[in-house]
Amino acid sequence: MRAIPLVLPALLVLSACSGGAGADGDDGGGGESTAPITVQVGADPEEAAVYRSLVSAYREAGGGEVELVTVARDDHLTRLSTAFTSGDAPDVFLVNYRQYAPFVQRGAVEPIGPLLEDAGVDTANYYEEPLRAFTYDGALQCMPQNISSLVVYWNRDLFARARVPAPTADWSWAEFVATAQALTGDGVKGVGIDPSIVRMAPFVWSNGGTIVDDETEPTRTTLHEPDARAALQAVVDLVGTGATPDREQLAAQGLPEQFMTGKVAMFLSSRVEVPALREQRGLDFDVAALPVMGEPASVLHSDAYCLASGSDNAAAAARFVAYAVGTQGQTLTALAGRTVPSLRSVATSPAFLSPSRAPASSQVFLDAIPHLRHTPVTPAWPEVEDVIGAQLERAFTEGVPLDEVLAEIRAQADPLLAR
Amino acid sequence: MRRLPLAAPYLLGSALLVLAPLGLAAALAFTDYFGFRAPEPTGTDNLARLAGDQVFWAAVGTSALVAAVAVPLRLFLAVGAALLLARRRGARTALGRVAAYLPSVVPDAAWALLWLWILNPLYGPLPALLGVLGLPDPGFLTTPWGARLGLVLVMAFQVGEAFVVALAARLAIPSRLHEAVAVEGGSPWFAMTRVTLPLMAPVVLVLAVRDVVVVVQNAFVPALLVTDGGPVDATLTAPLVIYRRAFEYGELGYASTLSVALLVLTGIAAAFPLWLAARLAGRQRVA
Amino acid sequence: MSLVVEGARKEFVARRGARVLALDGVDLEAKPGELLVVVGPSGSGKSTLLRAVAGLESLDAGRVLIDDRDVTGVPAGRRDVALVFQEAALFPHLRVAANIGIGERARGTRRREVETRVREVARALDLEPLLGRMPDELSGGERQRVALARAMVRSPRVCLLDEPLASVDTELRLRMRAEIRAVQRSFGVPMVHVTHDQAEAMALGDRVAVMAAGRVLQCDTPAEVYARPATAAVARSFGPLPMNLLPAADGVILGVRPERLRVCREGRGRPGSVVAVEPSGEECLVRVLPDGAEQDLLARVPWADAPHPGERVVLAWRPEDEHRFDAATGARR
């Protein structure tokens, strides 16, 4: 179900910012490259602004011309597929680890490792989890820009109004449910959680369960097994308390928009929401760790820069990626709020951690790193996610019994993994 | 033979623009193709997969269901508007005709987004209106049947072309035929059912055939933008499945298989009005 | 069964607000069993009159009475009149039998009964072999006969015919005239037959109403209208050829029909010269310009007596063939 976006999606490119406008005469370090490279990112308007500033900073640093193509998040993959098919692929594209496997498997990605080494990037300076997620067939395929994870966004004003104490670092699921219930009322719902596997996975893991039989080479889903099932049941029970938006509210407006307008007091998402939330006037928000069912756990959210295998400008493209994931690039995107830097030195710097700009508790993202796990990297995964998401939606909003839904997930998703 | 030179540019054009891509799609239907490397022929593997593709067949069912409601509704609105607005000239008739055509001038995407607002369960005018009137709200974006109904509504009013054709067909009926019915004491209902509609039937039939194709194919834009196939795949129509297969999962070869299958099925569905008309035609001449 | 129209007025607003007076106080009566022909040029209001009687057109003033019942405000379907349209107006999607029976079906008569009546009327009009055909398989004459049958099947109080023979070729027209006459006789229905063809009016009508500019100028038997036209306008419009009119003294216009005007080589009469000679079957139409006149006169003479163009001739007529009209009003004196 698509909720009403505050920003119209459409099948259009929101903006195609050409970096070629500037005749700055700046002919610094990267002087040998002349042809501009094309970079495509899927981004909402506030995020798009972040990437535009990154590109202009690169140009000012003498990096050369970059043509930035920003596409609405929902249309990013479609645009990429069509661009590759029509032979008009961007030189560089940003893609989530949950979605890049099909591109690698089908030969669209040039393994980035050696080229980055030439450009002077030492992967030892970066967090390992995202690098592992982007390693496929034994080689680093794409270079991660961030190590985000699932957290709880919460609205300070609504907490204060309901006289509910702020979330603590190791709060339990029961405390989380009680908090959500206490916040519910007076036109406000306690918490919003999308019915998707990336939202559910950390709770499954926290409860000692798994989502697939083998994380590197999955052959079937395991959500029906007792620990996983119990975690999902806990979420279904939370929905049953009425502390989450009902289906009319979900259909009327997306969760981030409901959070921005004070209709839900908490919602679960990754770092990606920050630029837009900062733009919302009068919204006082922070982030908190996910509640714990058994062991602490969270799920990796990470995007990486991939090089298209057919690129004529592979070296220039790698130089841009090196800049984007380097200290300057990472500082810039961290300051804008968009990323949890994958470069350790920037992640622990004030650029990311400074409490002067919301969210004050960015440390939460770094604290989650030891418990991070990621969903399987396999070509069938995007479709498996869609199947699971559609079924979870039935359990969450249609009131279909969980076991029926789990049986349906096995029936539909397992053949996709087995293929 | 003399007609050939005149028709040649048209035939050439349709060969280049229609038949060649169609042939290409048919060829791709028997390959694995992901857009990055050359297509790999896989024989009849895709057909076997098609036969067992429950998602696709469920979507075909959804498309058929939506078409079964939307096509008659669209024809009813187009022909009804044509009958109402055929009567006399004047500012009101002109205004009515413009109003009937207007929805078709709006781009599909803009129209779909407009309806996304109209149907919004909390902020949309239609659920609000139903509430004021004390009528039950079917849950246009929230329940499976409500969403299907919403999808039908989005498509129901974009009937400008059909309206214009139906209006022309209505105006082509000589007025003395209706005067003859009036003098004979026939009611307006008798005139409409025994004279007007039978005389418009051949045109309405062509419209019906066309509309089956239009609805099956056009169900794509509102299904993508208004309901995104949901809730829980209730509005996952066949074109949307093909779109996802091709552009979200990148399986262009198998998506071609699905496209060709949908084309064949649409052809069969479009023949249904023809069959229906042939059955009706035998009966009405004597009545 | 009879029809009376009293003081019928109808005004149309044409384009750009111009007003056209289609009926300007028309009085008319069709007596029981009578075939009344309304004749006049196009635009004279005869079709409007017919449509007003049928109820397809409302009147601004005046009344329509059918069998002494005032039907002025009654809708067309309840006046119990039949109307035969120009070009038949058959329903192209229905077989002949269904076309004939459609009125009965419209009025809700049972199918079985409709079939019987259709068969009866079809037998009377010799249409039985055609009952299973579609209209586009019929000739022009057959189509008109089907239209007549459709009008007769209900035994209407009045039958109206709107130029039914206008689009039929000459030979057929003559046959159809006889057919219409026969139908009218056998069904005994008063008929009002509208035409612009005065020959048809003369041949068909028990009485003829001559219309011009929304008025009935004269209504009488064809013989009487021919012999004693009520106005100069009737004299010009009714008859095989328009009557010759010559201005005379004392505000009088003299009229002589071309059939009665004699063209002599010599003798008493008005001298003049031949302007044109036009063959017309057995006879010739001769145009003569009398000396000192501005308007030439038309005469019908046998071939043998035909003069040559330019020849000097003398025009003569018998006193009893002379009509006299008031120059100011056009009325007969």
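The values are calculated or read from the model by the stated rules, or taken from the named source; none is laboratory data. Just so it is clear, the model here is predicted, and its values are computed rather than measured. Heads up, the Cβs are rebuilt from the backbone with ideal geometry, glycines too, and the neighbour counts pull from every protein chain shown. When the accessible area is computed, the model is the full protein with side chains, heavy atoms only, and any ligands, DNA or RNA have been set aside. Shrake-Rupley method; radii C 1.70, N 1.55, O 1.52, S 1.80 Å.
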Checklist line | Matching option when the condition is within 14 Å of chain B (Cβ to nearest Cβ), among the basic types (Lys, Arg) and open to solvent by 10 Å² or more (accessible area, probe 1.4 Å), among A:Arg132, A:Arg106 | finding: A:Arg106
Check: In the range B:190-238, how many residues are within 14 Å of chain A (Cβ to nearest Cβ) and of a type outside the set (Val, Ile, Thr)?
Finding: 12
Note to self: Out of B:Thr227, B:Thr237, I need the residue that is at pLDDT below 90, touching a helix residue (DSSP H, G or I) at 6+ places or on another chain (Cβ under 6 Å) and under 28 Å from A:Ser86 (Cβ atoms). Which one?
What the structure shows: B:Thr237
Item checked: A:Gly87 being of a type in the set (Gly, Ala, Ser), within 14 Å of chain B (Cβ to nearest Cβ) and surrounded by 24 or more Cβ atoms within 10 Å (Cβ to Cβ) -> no
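Conditions (1) more than 14 Å from chain A (Cβ to nearest Cβ); (2) closer than 22 Å to B:Ala261 by Cβ; (3) open to solvent by less than 70 Å² (accessible area, probe 1.4 Å); (4) at pLDDT 85 or above, marked per residue:
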{"site": "B:Arg2", "(1), (2), (3), (4)": "yes, no, no, no"}
{"site": "B:Gly35", "(1), (2), (3), (4)": "no, yes, yes, no"}
{"site": "B:Glu40", "(1), (2), (3), (4)": "no, yes, no, no"}
{"site": "B:Val60", "(1), (2), (3), (4)": "yes, yes, yes, yes"}
{"site": "B:Leu73", "(1), (2), (3), (4)": "yes, no, yes, yes"}
Notebook entry, point to check: Does the range C:316-330 hold any residues that are over 22 Å from C:Gly267 (Cβ atoms) and either of a type in the set (Gly, Ala, Ser) or open to solvent by 50 Å² or more (accessible area, probe 1.4 Å) (or both), and which are they?
Noted result: C:Arg324, C:Ala327, C:Ala328, C:Thr329, C:Gly330
Check: Being farther than 22 Å from A:Leu255 by Cα, within 23 Å of the chain's Cα centre (by Cα) and among the hydroxyl-bearing types (Ser, Thr, Tyr), is that true of even one residue in the range A:133-152?
Finding: yes
Next item on the list: Would you mind finding the one in C:Glu104, C:Glu34 that is within 14 Å of another protein chain (Cβ to nearest Cβ) and either open to solvent by less than 20 Å² (accessible area, probe 1.4 Å) or in contact (Cβ under 8 Å) with a residue 40 or more places away in the chain (or both)?
Entry: C:Glu104
Item checked: Any chance C:Ala82 is touching a Pro at 6+ places or on another chain (Cβ under 7 Å) and open to solvent by less than 10 Å² (accessible area, probe 1.4 Å) -> yes
Item checked: Scope the range A:281-295; condition at negative phi and assigned to a loop (DSSP other than H, G, I, E, B); matching residues -> A:Arg281, A:Leu283, A:Asp284, A:Ala289, A:Leu290, A:Pro291, A:Met293, A:Gly294, A:Glu295
Margin query: From the list B:Tyr249, B:Tyr243, B:Tyr254, exactly one residue is at pLDDT below 85, within 14 Å of chain A (Cβ to nearest Cβ) and open to solvent by less than 60 Å² (accessible area, probe 1.4 Å). Which is it?
Written below: B:Tyr249
Checklist line | Count of residues meeting criterion [of a type in the set (D, E, K, R) and touching a residue at least 40 places away in the same chain (Cβ under 8 Å)] in the range A:136-170 | finding: 3
Note to self: Name the single residue that is nearest to C:Arg105 (Cα to Cα) among those in the range B:177-206 being charged (D, E, K, R) and assigned to a helix (DSSP H, G or I).
What the structure shows: B:Arg194
Checklist line | Qualifying positions in the range B:104-129 - open to solvent by 50 Å² or more (accessible area, probe 1.4 Å) and touching a residue at least 60 places away in the same chain (Cβ under 8 Å) | finding: B:Asp108
Check: So which residues in the range C:107-141 are over 16 Å from B:Glu184 (Cβ atoms), free of Cβ contacts under 8 Å to residues at least 40 places away in the same chain and among the acidic types (Asp, Glu)?
Finding: C:Glu115, C:Glu120, C:Asp126, C:Glu128, C:Glu137
Item checked: Considering residues of the range A:181-217 that are among the small types (Gly, Ala, Ser) and modelled with pLDDT of 90 or more only, the residue nearest to A:Leu300 (Cα to Cα) -> A:Ala201
Checklist line | helices (runs of 4 or more DSSP H) wholly inside the range C:176-249 containing at least 3 residues that are surrounded by 21 or more Cβ atoms within 10 Å (Cβ to Cβ) | finding: C:198-204, C:232-237
Item checked: One residue from C:Leu125, C:Leu94, C:Leu131, C:Leu148 being farther than 18 Å from B:Thr193 by Cα, within 12 Å of chain B (Cβ to nearest Cβ) and open to solvent by less than 20 Å² (accessible area, probe 1.4 Å) -> C:Leu131
Item checked: Residue list for the range A:361-399, restricted to those being in contact with a Phe, Trp or Tyr (Cβ under 7 Å, 6 or more places away or on another chain) and part of a helix (DSSP H, G or I) -> A:Ile369, A:Pro382, A:Glu383
Next item on the list: May I ask you to list the residues in the range A:366-404 that are β-branched (Val, Ile, Thr) and open to solvent by 10 Å² or more (accessible area, probe 1.4 Å)?
Entry: A:Ile369, A:Val377, A:Thr378, A:Val387, A:Thr397, A:Val400
Notebook entry, point to check: Can you tell me which of A:Val384, A:Val377 is within 23 Å of A:Ser270 (Cβ to Cβ), within 14 Å of chain B (Cβ to nearest Cβ) and of a type in the set (Val, Ile, Thr)?
Noted result: A:Val384
Notebook entry, point to check: When you look at A:Pro218, is it surrounded by 22 or more Cβ atoms within 10 Å (Cβ to Cβ), within 14 Å of chain B (Cβ to nearest Cβ) and not in a helix (DSSP H, G or I), yes or no?
Noted result: no
Next item on the list: Give the residues of the range A:245-280 that are within 14 Å of chain B (Cβ to nearest Cβ), of a type outside the set (A, V, I, L, M, F, W, C) and not in a helix (DSSP H, G or I), sorted by residue number.
Entry: A:Pro245, A:Asp246, A:Gln253, A:Gly254, A:Thr261, A:Lys263
Margin query: So if I check each of B:Leu47, B:Leu84, which one is more than 23 Å from the chain's Cα centre (by Cα) and of a type in the set (A, V, I, L, M)?
Written below: B:Leu47
Checklist line | Considering residues of the range C:46-91 that are more than 24 Å from C:Ala209 (Cα to Cα) and not aromatic (Phe, Trp, Tyr) only, the residue farthest from the other protein chains (Cβ to nearest Cβ) | finding: C:Gly73
